[in-house]
Amino acid sequence: MVSRVIPVEDFDLVIIGATGDLSRRKILPGLFRRFSSGQMPETSRIIGAARSEMDVAEWRGRVRDALEEFLPKEEQDGERIEAFLLQMEYIAIDAMGEGGWKELGALMRQDAVQAFYFSVAPSLFGALAERLKHFGIANEDARIVVEKPFGRDLASARALNATLAEHFDEHQIYRIDHYLGKETVQNLMAVRFANILFEPLWNAQYVDHVQITVAETVGVGGRGAYYDKSGAMRDMVQNHLMQLLCLTAMEPPSHFDPDAVRDEKVKVIRALDPVAPDDIVRGQYRASADGGLAYRDDAEDPASKTESYIAMKVQISNWRWNGTPFYLRTGKRMKARMSEIVVNFKEPPHNIFTEADAPRCNVLTIRLQPDEGIDLRMTIKEPGPGGMRLVEVPMDMTFAEALGDAGENADAYERLIMDVIRGNQTLFMRGDEVEAAWRWTDPLINGWKDRGDVPAGYDAGSSGPDDALMLMHRDGRRWSEILS
Ligand code: BG6
């Protein structure tokens, strides 16, 4: 099966903060891949904007370096890279001053889609938005793209939303959560709403519980200063895990359009119960035998109480989910890098087989990484004579195997940037959604701060603190196998 590429409209994309890490690592390589696939019109332009003074030749050289550093070798086609570089422009701008803005305005076309990617600290968002309007650069249909962290609590997220709203309409603001750009996350919606099989069972009557895991092997080294002010709750749960939870738990939207989908997600967030302290386990990694630093050394604060791991039991108070817990866990320096959503169904209501051969519960696993795919555990008869013996087997569909070339996925960033150009906000967070997520998160963080809770230590390369196992065991459940 070959993937279909539908070219987007002609565009001018300005990357503000173009010389930064995100731009070099993700945005530029992602755009190059879209260019290579034929999705970017030849007349479209990518305009780097940053503080450093340089001419376009130097900028193109820097883009070439970034592509050589961050693209896999087999994707580095010299001729294509040179053709891509011809679509690059550069303007030096002063985010807080006057410099470069008039020149940027002169460069922008009015008959092409305009997009401005704010790849800078959130403290600059307001100044940038104001200048784009003040200098008459952004038109009524221009899009601005902003990265997480979108605030660090409800008050700061509200302030940020208000600042952006002074200059741009909600339909122009694209708040990125790159988890929404992952192939399997979208597939979750396809599996749920394009098949009749699951939806009738997708509720508290048939689902025993759901597990959402995002485990990473990396530590926070190199970004300890940022991370120590965030912790796993702000860095991962409030956004990425929350999005996975919403897409798993939401009602079917009436249409696959941005507001219909986001309305349903907001309803899930609003239905989340407060989480009791006993239902939260926070952890912090220790130094590892192979010389890996302890969290506190990475964070450069020997007394840090910030969590690099969190597990929690979350309840959704609505008709569909009342009584079916969602267990979330995420951590750094874990045994394996893996992200998955595991839907554990209940036992069949009546067992006609012997005790020893009782059917196991069906389990649907949606794997985000690695090996994106879907696996459904079923009970069948073990082949061969000898009576009715039951055995559990996987119905495993790894996308790369099932779909060939079409199963090789675009990176989340390239998909999302193309959605910005298309003007499709479905996979971006709406302002009220971000605020609702903080409204739920804030009391949990304040709770452990006020109590002075200290995260439990866990070994780097392990499955997290023992207390996280207890969180499940006391409910007679266990975490899905890879990490426990
Ligand atoms: C980022 C977090 O948003 O997501 C990082 O700030 C984390 O701490 C990263 O490592 C994980 O993304 P992915 O796509 O590698 O799972």
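The values are calculated or read from the model by the stated rules, or taken from the named source; none is laboratory data. Computed from a predicted structure; not experimentally measured. We place every Cβ from the backbone using ideal geometry, glycine too, and count neighbours over all the protein chains shown. Remember, those area values only see protein heavy atoms, side chains included, never the ligands or the DNA or RNA. Shrake-Rupley method; radii C 1.70, N 1.55, O 1.52, S 1.80 Å.
Here are the numbers for the structure shown:
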| quantity | calculated |
| --- | --- |
| Inverse mean reciprocal Cα-Cα distance (Kirkwood Rh) of the stretch 30-92, Å | 12.1 |
| Stokes-Einstein D for the stretch 268-329, Kirkwood Rh over Cα pairs, 20 °C, 1.002 mPa s (µm²/s) | 155 |
| The stretch 1-112: translational diffusion in µm²/s, Stokes-Einstein, Kirkwood Rh over Cα pairs, 10 °C, 1.306 mPa s | 108 |
| Heavy-atom accessible area per residue - the chain, 1.4 Å, Å² | 44 |
| For the chain, radius of gyration divided by Kirkwood radius, i.e. Rg to Rh on alpha-carbons | 0.99 |
| For the stretch 260-372, convex hull volume per residue from C-alpha positions, Å³ | 216 |
| Carbon + sulfur, % of accessible area of the chain - ligands and nucleic acids excluded, 1.4 Å | 52 |
| Compactness of the stretch 159-200, expressed as Rg and Dmax over alpha-carbon positions, Å | 16.2, 46 |
| Restricting the stretch 63-168 to GluC sites (Glu not before Pro) in coil, as DSSP defines it, with at most 14 other Cβ within 10 Å | Glu98, Glu140 |
| Given Lys335/Lys449; Lys26/Lys102; Lys267/Lys381; Lys229/Lys313; Lys73/Lys335, the pairs whose alpha carbons are separated by over 31 Å | Lys267/Lys381 |
